[in-house]
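Here the structure is laid out as structure tokens; the discussion comes afterwards.
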């Protein structure tokens, strides 16, 4: 699969958590998938911004020394893309 294409992520929720997500997604007039995508991506970006990309990547490398170079490169590209988009966002907000 090309690195820029969408890929599914799957996980389980308790019935109670699923109902909560469905209610909040409906309140925001979003599908469950769209709501979860936005929340997860926004949370990941917030963590990267708060902790710093270098710290996050270093912890990934340390915690899983078996990561192959291709996966590390993909992580680096994701962080680089985020850093570039944040820089562009800051530049446009200053205008």
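What follows draws every value from the coordinates through simple rules; no lab data is involved. Since the structure is predicted, the reported quantities are computational estimates derived from the model, not experimental observations. Because the Cβ atoms are built from the backbone with ideal geometry, glycine has one as well, and the counts that use them run over all protein chains shown.
Structure values in brief
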quantity	calculated
Cα radius of gyration and Dmax for segment 7-78 (Å)	15.7, 43
Estimated FRET transfer efficiency (residue 37, residue 62; beta-carbon r; R0 35 Å; 0.05)	0.80
Label-reachable residues, segment 33-64, where backbone N falls under 12 Å from a point 7 Å from residue 76's Cα toward its Cβ	58
At R0 = 25 Å, FRET efficiency that the Cβ-Cβ distance of residue 29 and residue 85 yields, to 0.05	0.50
